[in-house]
Structure formats: C-alpha cells, structure tokens
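Chemist: Right, I'll just put the structure down here and ask away after.
The values are calculated or read from the model by the stated rules, or taken from the named source; none is laboratory data. These numbers were taken from a predicted model, which means no experiment stands behind them. Quick reminder, even Gly has a Cβ in these numbers, built from the backbone with ideal geometry, and neighbours come from all protein chains shown.
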Amino acid sequence: MDSSLPEEWKAREEAFMMRTYGRKPVMFVRGKGMRLWDAAGREYLDFVSGLGSCVTGHCHPRVVEAISVQASELLQVSNLYYTAPQLELAEAIIARTFSGKVFLCNSGTEACEGAIKLARKHMRETSRPERCEIVTALRSFHGRTLGALTATGQPEKAEPFAPLVPGFVHVPFNDLEALEEALGERTCAVMLEPIQGEGGVYPADRAYLRGVRELCDREGILLILDEVQTGMGRTGSLFAFQQYGVEPDIMTVAKGLASGLPIGAVLAREEVAASFKPGDHGSTFGGGPVPCAAALATLKVLEEEGLVENAASTGAYLQDGLQEMASRKKVVAEVRGRGLMLAVQLEGEMAEEAAASALERGLVINNIGKDVLRFLPPLLAGPAEVDALLEALEDIL
Ligand code: PLP
C-alpha cells in the first residue's frame, strides 16, 4: 500500500470498512511522548492522545518494556485461571481509590454496562428488585452498547437503535432539584461523569455532586461515577472524585488506565461488589495479562514521574492562557474543564474548521460538534507545548 496517499486510504476504507468514523486525512505511523509522526514523516504535537487514553504519552519506554516482557511470557489464559498481573492490578487500583473490589473488562463502555448490571443486581440482592431505574444526565456519554447507549443522555445517538433498554431516566446536569424530582420508588442509582467529556467538557459543580451524594444516601440508592475520561490523573488528581470529596458506590475507569491498551474497570464498595456472584458477569479478554501489565506500569509512571501533579500545573497554565485569549477574542466564549481536560466554547460554528487548520499546522486537537474545541494531551505536556498550542490558536481563531 502506498502510505502517502490519502485518496487510497479513503478508497480502501470505503471498500472494506463500515463507515462509523469521520476521519481526518492523516495516517499516523509513530508516536513518542507528546509527538506523533505521519506516513510522510511530518511531526505533530498531540493534544488528543488517543481520546485521552495515552496518559503517559506515546510509547513510554517503561510501559513498552512492561508490555514486551509480559507479551513474551503469557498473552492470554481467560478468566478461568489466575494471573499475577490481574491480581496485582486489582490490588493497586483499590489501594488508590476506596475500599472495595474490582471487575476488569476491556473498555469504558463495558465498564459502564458492568456498573449498570451490578447496581440492578445489588437492589435484587437487598430485596428491592423494583428498584431498577438508573437516572443519568442529559449531555452525558457512557458508551455505545445498548445499555450504555440508553444511559447516555444524548437521545439522538440512541434513537436509531430503538427499542432501547427500559429503565433509564435523563435529567439536566448540575440541577439538583431536577434530580431530586426524578427519584422515585423505582430508582436504583444515579450515574454521572464528574466532568462531562464527550458532551462538551462540563464540570459538575462541587455543591451539586455533594448534594447528589446526600440524596443517594437519603434514598438508599447508589451513586455511580463514570471516571472513564476524568480518571488516571487527567484532572489533576488520580481520580476526579478525590477533588470533589465525594466517594461513589460504584466507579468506572478505562481510557488512560493502560496508557492506550484496551482495558476497563468497575470498582464498587465491598457490600455492593458482593452482589456479583460467580456467573453473573464475565469477559473472555477482560483483565488479560498484557493490558494489566501495561496498567501497572502506567500507575508507576504517573506516580514516580509526577504526571498527576503535572496535569494540574500544566492544565492551570493552559487554562490561564485560554482565559486570557477569551478576554481578548470574542470568538472564544468560554473556557471549561480541569487539569488537562479542557475545552473552549466558540462563538459560531467553526470548531471543525479550526481543528483542521490546527492539523495542517502540526497540532492535533479535537472538535466536539461544531462549536467546541477540546484538549486532552498526554499528562507529560509542559509549558513549551502549551505555548505552541496557544500561539497556533491565536492565529487560527
Ligand atoms: N464513559 C465516558 C465518560 C467516556 O468518555 C467514554 C468514551 O469516551 C465511555 C464511557 C466509553 O468508553 P469506550 O470508548 O472505551 O468504550
């Protein structure tokens, strides 16, 4: 294949692949740290990082080493048997979050499906089977399989696949009154992202999330936090709930967990986790030795190289720069987010064009819809890379 011809990639995709993605005209062949190289050898600064998954940067040597060592020892045995990386990872995750148990799967969507199943099963186990309804927020994103898609508060994404899964209710985000009104005899759990990612990077207010926790306690229902995008250091603490001071009953993690290899995790408080019995849930590949080894290396790199603290400080630096731009440029209406999960709301529908223009200048940034630009760089981004981004945005916008 001639790897320098976008027309040829497009033709081959059209011939052999289902058309589920709108792709940009670039083929990446190599990555290192913050940098990517395309098939023609051109260098880019990456502010998307595999949609937030390459938290330690591209091909971090310690992650690559862990993967290659594990890959040469054992690739897969299924969950009928024990493997050491899986046990070590479960212990490492619990040591860094809250007392409870972990279920390992392969993606964020699967983690959210698992969380929904666990919440419903827990209500049955505690003799409240009528409590099967999950309340989620409008504009939320929890995944693309039927349960997670129905949970997702973007009806336009789900409608073409009706009939959907019964037992989901959507309420406006950051509106405690609306949430309280939606709770009833049938409510099982409230499921929220601490910062809505795919919906446009909207952080939960601190008082809101605390209020939600109190409501859940009062009603005897579960709080599920979806930290698929906010987790693994992205917002300046290992998990966002730690900044909010609100502990969930169930939490989902994926994306950055293994620096870009497919893995997901459902965490739950001891008593809730106990509701999953042998045979209730499972996965052939979930928690395989290689992604688990990559996840263990990722945690070490994040901690030993200070990347979580860096996400907080570089994130603040980028946020300040964007705010300063917003104060001068009418086109930048709002800056949202925390740590290295940031977005600008544009005045007018120019986000796609702006992202394309950035790509031409060697900067990979993401647009959400027509009027939001999102920045999810690896957590090792520093002031120099941020300055390059701000300079380019200054020109583009
Ligand atoms: N939950 C949240 C908050 C997400 O941001 C995403 C993906 O963007 C998902 C779930 C689904 O994760 P995945 O794409 O790994 O299935």
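Chemist: Taking the residues in the range 344-371 that are touching a Gly at 6+ places or on another chain (Cβ under 8 Å) and not in a loop (DSSP other than H, G, I, E, B) as candidates, determine which candidate is surrounded by the most Cβ atoms within 10 Å (Cβ to Cβ).
Modeler: The extreme case among them is 351.
Chemist: Enumerate the pairs (first residue in the range 243-265 and aromatic (Phe, Trp, Tyr); second residue anywhere and more than 11 Å from the ligand (Cβ to nearest atom) and assigned to a loop (DSSP other than H, G, I, E, B)) with beta-carbon separation below 8 Å, excluding pairs fewer than 6 apart on the same chain, so at least 6 apart or on different chains.
Modeler: Filtered contacts from the range 243-265: 244/204.
Chemist: Taking the residues in the range 255-266 that are among the aliphatic types (A, V, I, L, M) and either in contact with a Cys (Cβ under 8 Å, 6 or more places away or on another chain) or more than 14 Å from residue 230 (Cα to Cα) (or both) as candidates, determine which candidate is surrounded by the fewest Cβ atoms within 10 Å (Cβ to Cβ).
Modeler: Top of the filtered list is 261.
Chemist: If a residue has to be within 16 Å of the ligand (Cβ to nearest atom) and touching a residue at least 40 places away in the same chain (Cβ under 8 Å) to count, how many in the range 110-133 make the cut?
Modeler: Going through the range 110-133 one residue at a time, the tally reaches 9.
Chemist: Select the helices (runs of 4 or more DSSP H) contained entirely in the range 45-117, then report the ones holding at least 2 residues which are modelled with pLDDT of 95 or more, among the aliphatic types (A, V, I, L, M) and within 21 Å of the chain's Cα centre (by Cα).
Modeler: By residue number, 84-95.
Chemist: Then there's this: Those residues that are on the phi < 0 side of the Ramachandran plot and in a strand (DSSP E or B), I need them from the range 244-299; list them, please.
Modeler: Residues satisfying the conditions are 250, 251, 252, 253, 261, 264, 265, 266, 267, 268, 269.
Chemist: I'd like the full set of residues that are over 17 Å from residue 120 (Cβ atoms), among the hydroxyl-bearing types (Ser, Thr, Tyr) and free of Cβ contacts under 8 Å to residues at least 24 places away in the same chain, limited to the range 134-188.
Modeler: 152 - this is the single residue of the range 134-188 that is over 17 Å from residue 120 (Cβ atoms), among the hydroxyl-bearing types (Ser, Thr, Tyr) and free of Cβ contacts under 8 Å to residues at least 24 places away in the same chain.
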